[in-house]
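Trainee: This is the structure I want to talk about, given as structure tokens.
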Amino acid sequence: AAMQFASSPTGTPPGSPPLNGSFVGRNSNWVPDDEVKACPLCQGAFSTVHNRKHHCRACGKVVCGSCSSARMALPYKGIYDKVRVCDPCKTVQESHAAASINEDMDVKQQINDSLKSELKKRAAQLTQVRQFLFSILEDEDIPEDHEDVEGLIDAGASKLKQMDASAAKERHEVAKLLGELAQLKGAKEETEKLSGRLAKRIQAAEADCQKLDEVQAERDRALSDLQEERARTDSLTSRIVRLENENLKKRANGTASRNGSRGATPAPQQATMATPLTASAASSIGNAFGAPAATTIIAGGLEDEPNENGRQKRCSKCRCHGCSQM
């Protein structure tokens with residue numbers, strides 16, 4: 001019994017489950033030692049010296065040493081050290097291990113494929129970065145087969161700093177221009193407002209000019225009418241002067257013929273002669289009163305034809321009927 005206890009791989013007495021917590025309550029097929037007399041695999045009888053009993057840690061059966069010479073870890077049971085297993089369990093575990101290895105290889109292949117794809121992406125990104133660096137460093141005369149990527153990155157970083165400083169300066173200039181543009185827009189709005197007010201004033205002035213043109217046209221028409229009226233008035237004045245002069249001559253001739261038939265010489269104060277009226281005198285008199293006038297100035301009065309009693313109808317002085325001087 002002492003020998004069996006010492007040979008136990010887990011330090012537990014033969015015929016009892018191991019003290020590993022993963023076996024407790026899980027390996028229900030653990031076979032006690034006193035129930036087995038011969039190895040179930042090779043049918044060899046057990047003895048305490050030549051053919052001792054051993055438990056397979058995978059299936060829990062009691063087998064001989066020849067049929068359980070293999071040592072394997074059982075991770076699915078929580079045993080990570082190599083322990084005794086029987087030959088059938090070894091085959092099963094090896095097949096499981098092979099399947100696990102295949103799975104691991106599949107996983108590793110997937111990982112390798114993923115890594116290759118990622119490497120391709122990184123290579124493409126590196127190519128793009130190189131192209132970008134060459135584009136910003138085109139003034140540096142760097143050969144395209146230059147392999148010093150770190151040097152390219154440093155040179156590109158320096159160039160980017162310069163470009164950033166230039167961009168900051170340009171942004172400042174743009175901000176300044178935007179400010180000037182805003183001022184110009186404000187000035188434009190003020191100019192548009194002023195233009196609107198000037199347009200209104202121009203429209204009002206044009207309306208006033210149109211009214212003035214109408215007034216001027218009316219004035220011209222009035223002047224034209226006035227000139228026509230003056231022309232007609234002058235014509236009438238000339239006719240009146242001519243007719244009155246003719247009348248004066250006729251009356252003077254009639255008075256002289258009557259005096260000659262009577263044989264009496266009229267007194268100087270009674271010889272009233274009509275002074276002929278000229279057109280210029282009539283026009284000057286008319287202009288003095290603001291309009292042409294067809295008036296006659298007769299020195300000493302205008303004599304009328306005598307009536308049947310030999311008396312004049314009107315006074316030759318005051319031109320009244322029944323005057324005391326008649």
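The values are calculated or read from the model by the stated rules, or taken from the named source; none is laboratory data. Predicted model only: the values in this text are computed from it and were never measured. Virtual Cβ from ideal backbone geometry, glycine too; neighbours counted across all protein chains shown. These accessible areas exclude ligands, DNA and RNA; they are computed on the full protein's heavy atoms, side chains included. Shrake-Rupley method; radii C 1.70, N 1.55, O 1.52, S 1.80 Å.
Trainee: Once both labels are modelled 7 Å past Cα along the beta-carbon direction, what's the GLN128-ARG197 spacing in nm?
Mentor: Here the answer is 6.0 nm between the modelled labels.
Trainee: So for the pair ALA204, ARG221, with labels modelled 7 Å out along Cα→Cβ, what separation do we get in nm?
Mentor: 2.8
Trainee: Considering all alpha-carbon pairs of the range 132-218, what whole percent are spaced by more than 16 angstrom?
Mentor: Working: 2738 of 3741 pairs.
Of all Cα-Cα pairs in the range 132-218, 73 percent lie more than 16 Å apart.
Trainee: Which sequence of THR255, THR48, THR237, THR191 reflects their accessible areas, 1.4 Å probe, from the largest down? Numbers along the way, then the final one.
Mentor: Working: THR255 35, THR48 105, THR237 10, THR191 80 Å².
Sorted by accessible area, descending: THR48, THR191, THR255, THR237.
Trainee: Count charges around LEU115 for me, please; just the other residues with Cβ under 13 Å from its Cβ, Lys/Arg as +1, Asp/Glu as -1.
Mentor: +3
Trainee: Accessible area of VAL241, 1.4 Å probe, to the nearest 10 Å²?
Mentor: That residue has around 10 Å² of solvent-accessible surface.
Trainee: How would you classify the range 81-198 from its alpha-carbon gyration tensor, with a ≥ b ≥ c the square roots of the eigenvalues: rounded for a/c under 1.5, else prolate if a/b is greater than b/c, otherwise oblate? Walk me through the intermediate numbers first.
Mentor: On the way: a/c = 5.98, a/b = 2.79, b/c = 2.15.
The shape class here is prolate.
Trainee: I've got another one for you. If you only keep lysine pairs separated by 8 or more in sequence, or across chains, how many in the range 81-203 come under 29 Å at the Cα atoms?
Mentor: So the count works out to 21.
Trainee: Give me a comma-separated list of calculated 3J(HN,Hα) values for the range 63-80, in order, Karplus coefficients 6.51, -1.76, 1.60 applied at θ = phi - 60°, integers in Hz, x for any Gly or Pro.
Mentor: Result, rounded to whole Hz: 9, 7, x, 5, 8, 9, 7, 7, 10, 8, 7, 10, x, 5, 9, x, 9, 9.
Trainee: Averaged per residue, what accessible area in Å² does the range 102-163 show with a 1.4 Å probe, protein chains only?
Mentor: On the way: 5150 Å² over 62 residues.
Per-residue accessible area for the range 102-163 comes out at 83 Å².
Trainee: Same structure, new question: At 1.4 Å probe size, with the rest of the protein present, what percent of the exposed accessible area of the range 61-192 is carbon and sulfur atoms? Write out the running numbers ahead of the final one.
Mentor: Working: 5400 of 9920 Å².
Reported share for carbon and sulfur atoms: 54 percent.
Trainee: Sticking with this one: In nanometres, what is the gap between the two model label sites at GLN109 and GLU190, each 7 Å from Cα along Cα-to-Cβ?
Mentor: 8.2
Trainee: With θ taken as phi - 60° and the coefficients 6.51, -1.76 and 1.60, list the Karplus ³J(HN,Hα) couplings across the range 156-166 in order, rounded to whole Hz; mark glycine and proline as x.
Mentor: Coupling constants for the range 156-166: x, 5, 5, 5, 5, 4, 4, 5, 5, 5, 5 Hz.
Trainee: Using the Cα centre of the range 179-222 as origin and beta-carbon charges of +1 (Lys, Arg) and -1 (Asp, Glu), tell me which of GLN183, LEU198, ALA217 is placed farthest towards the positive end of the dipole.
Mentor: GLN183
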